[in-house]
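Asker: One structure, as structure tokens, below. Some questions next.
The values are calculated or read from the model by the stated rules, or taken from the named source; none is laboratory data. Computed from a predicted model, the values in this text were never measured in an experiment. Using ideal geometry, Cβ is built from the backbone for each residue, glycine included, and neighbour counts are taken over all protein chains shown. Keep in mind that these areas ignore ligands, DNA and RNA; they rest on the heavy atoms of the full protein, side chains included. Shrake-Rupley method; radii C 1.70, N 1.55, O 1.52, S 1.80 Å.
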Amino acid sequence: MSVETSLYSTPLADVHAALGAKMVGFGGWNMPLQYESILAEWEHNRRTVSLFDCSHMGEFMIKGDAKACGLDTIVVQTIADMPVNTCRYGAMLNEAGGVIDDLIVYRKGPQDWMIVVNAANIEKNARHFRAHLNSNAQFEDASFKTAKLDVQGPQSRDVLKVLAPGIEKLAYYTFGQFQIKGIPCLISRTGYTGELGYEIYCSWEKCKEIWQNILDNATVKPTGLGVRDVLRVEMCYSLYGHELGEDISPREAGLDKFIDGKKDFIGARALSARHLKRTIGYFISASRKSPRAGNKIFDAAGSEIGVVTSGTFSPALQVGIGIGFMNRHSKDAGIEIFFGDEKSKTAATVAKRPFYKNGSLKS
């Protein structure tokens with residue numbers, strides 16, 4: 001970590017600078033926001049293929065039987081029956097039923113696991129795992145020696161299968177061990193954009209080589225976190241610190257389908273006892289004006305019914321779109337609402353997720 005900036009840097013910091021990226025702090029890391037305009041990067045991702053540096057994400061390596069070592073009780077999703085080389089999205093909760101973090105569990109072997117967590121929560125999450133895994137588990141925080149690159153877009157398969165033959169056989173939310181120009185990698189068919197895509201995990205030291213090998217294909221462009229946020233809002237994907245947090249239950253956040261209600265996990269009792277007063281909702285602005293996190297949400301009569309958690313201008317719809325928590329009776333599609341404050345309100349309509357419906361995600 002640089003004393004001057006107090007931000008961590010990924011292995012590609014100098015590469016981003018050389019490419020002219022605009023850099024910003026995100027989750028404690030110095031990250032590329034954009035290389036060209038957000039609109040140009042959006043267009044390229046939705047039409048062709050983009051390359052993201054996501055090496056700020058955290059990776060934990062755990063060895064042990066899921067139930068015997070305590071891993072199964074830390075996460076809310078079913079993992080004991082996962083086939084090897086598959087991964088599952090879910091979360092881990094505090095004792096009050098709030099979300100400590102959302103995460104993806106990878107099963108590398110019968111007793112070999114990788115957990116991918118959000119960058120801002122690495123240290124907190126590591127403490128939580130160490131506190132709740134027992135002596136039957138081996139735990140390693142590999143976040144600062146594991147790099148992560150995301151290849152996303154409708155042409156991502158065509159680009160990547162040349163470098164890593166066999167990735168074209170990967171089904172959604174599966175992974176395998178591959179090599180790119182002799183460099184060992186774990187590659188999963190996962191992503192955060194709503195397009196066909198792959199996530200590549202490799203050693204910190206070899207990250208630059210893989211990045212350059214991918215960019216050698218003229219179809220691929222480097223892309224920043226700015227457009228990644230637009231892409232994920234268009235897909236109605238949650239972001240920790242916005243739709244998820246320690247004071248937010250996964251049911252409020254709409255993550256019910258990822259919760260195994262038949263097993264015991266940390267926070268399960270509190271979660272079942274919590275009365276659901278609000279839930280996540282999605283809405284489309286009546287104009288190009290975009291909602292912003294923190295804006296209030298009002299019903300047609302002017303009563304405050306919720307708060308915006310994420311918002312952006314959607315290049316796909318050419319209007320503003322938003323995500324927010326609303327009272328349970330106001331989230332049905334077609335209902336008219338308003339966002340803003342008491343002095344200035346903008347009309348919107350509650351919609352079904354996702355906003356963007358033409359993605360190549362499962363192509």
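Asker: Residues being closer than 30 Å to ILE284 by Cα, open to solvent by 20 Å² or more (accessible area, probe 1.4 Å) and assigned to a strand (DSSP E or B): count how many of those fall in the range 192-241.
Answerer: Matching residues across the range 192-241 total 3.
Asker: OK, next. Please work out which one of (1) polar (S, T, N, Q); (2) free of Cβ contacts under 8 Å to residues at least 60 places away in the same chain; (3) surrounded by fewer than 16 Cβ atoms within 10 Å (Cβ to Cβ) is the condition ASN94 fails and give its number.
Answerer: Failing condition for ASN94: (2).
Asker: Within the range 284-301, how many residues are free of Cβ contacts under 8 Å to residues at least 60 places away in the same chain, open to solvent by less than 30 Å² (accessible area, probe 1.4 Å) and assigned to a strand (DSSP E or B)?
Answerer: Residues meeting the conditions: 2.
Asker: When the range 264-283 is examined, which residues are found to be surrounded by fewer than 19 Cβ atoms within 10 Å (Cβ to Cβ), modelled with pLDDT of 95 or more and either in a loop (DSSP other than H, G, I, E, B) or of a type in the set (Phe, Trp, Tyr) (or both)?
Answerer: Matches in the range 264-283: ASP264 only.
Asker: Output the residue which, of all residues in the range 1-57 that are among the β-branched types (Val, Ile, Thr) and part of a helix (DSSP H, G or I), is least open to solvent (accessible area, probe 1.4 Å).
Answerer: Only one residue tops the list, namely VAL15.
Asker: Let me ask something additional. Here are some conditions: (1) under 30 Å from LEU33 (Cβ atoms); (2) open to solvent by less than 40 Å² (accessible area, probe 1.4 Å); (3) of a type outside the set (Gly, Ala, Ser); (4) assigned to a loop (DSSP other than H, G, I, E, B). GLU246 meets all but one. Which one does it not meet?
Answerer: Evaluating GLU246 over (1) under 30 Å from LEU33 (Cβ atoms); (2) open to solvent by less than 40 Å² (accessible area, probe 1.4 Å); (3) of a type outside the set (Gly, Ala, Ser); (4) assigned to a loop (DSSP other than H, G, I, E, B) leaves (2) as the failure.
Asker: Further, regarding this structure: Here are the criteria: (1) over 13 Å from VAL233 (Cα atoms); (2) at pLDDT 95 or above; (3) part of a loop (DSSP other than H, G, I, E, B). Tell me which single one PRO354 does not satisfy.
Answerer: (1)
Asker: In addition: I'd like the full set of residues that are open to solvent by 40 Å² or more (accessible area, probe 1.4 Å) and aromatic (Phe, Trp, Tyr), limited to the range 137-187.
Answerer: PHE139, PHE144, TYR172, TYR173
Asker: Let me ask you something else. Considering only the range 146-191, how many residues are outside any loop (DSSP other than H, G, I, E, B) and either at pLDDT below 95 or hydrophobic (A, V, I, L, M, F, W, C) (or both)?
Answerer: Residues flagged as outside any loop (DSSP other than H, G, I, E, B) and either at pLDDT below 95 or hydrophobic (A, V, I, L, M, F, W, C) (or both) within the range 146-191 amount to 15.
Asker: Next question. Can you tell me how many residues within the range 96-123 are under 15 Å from VAL75 (Cβ atoms) and charged (D, E, K, R)?
Answerer: Residues in the range 96-123 being under 15 Å from VAL75 (Cβ atoms) and charged (D, E, K, R): 3 in total.
Asker: Report, by residue number, each residue of the range 326-360 that is open to solvent by less than 10 Å² (accessible area, probe 1.4 Å) and in contact with an Asp or Glu (Cβ under 8 Å, 6 or more places away or on another chain).
Answerer: Result: ILE337, ALA348, VAL350.
Asker: How about the range 74-91: which of its residues are open to solvent by less than 10 Å² (accessible area, probe 1.4 Å) and free of Cβ contacts under 8 Å to residues at least 60 places away in the same chain?
Answerer: Of all residues in the range 74-91, those open to solvent by less than 10 Å² (accessible area, probe 1.4 Å) come to 74-77, 79, 82, 87, 90-91.
ILE79, MET82, listed by residue number.
Asker: Looking only at the range 302-316, count every residue that is surrounded by fewer than 16 Cβ atoms within 10 Å (Cβ to Cβ), assigned to a loop (DSSP other than H, G, I, E, B) and in contact with a Lys or Arg (Cβ under 9 Å, 6 or more places away or on another chain) and tell me the total.
Answerer: Looking only at that region, the number is 1.
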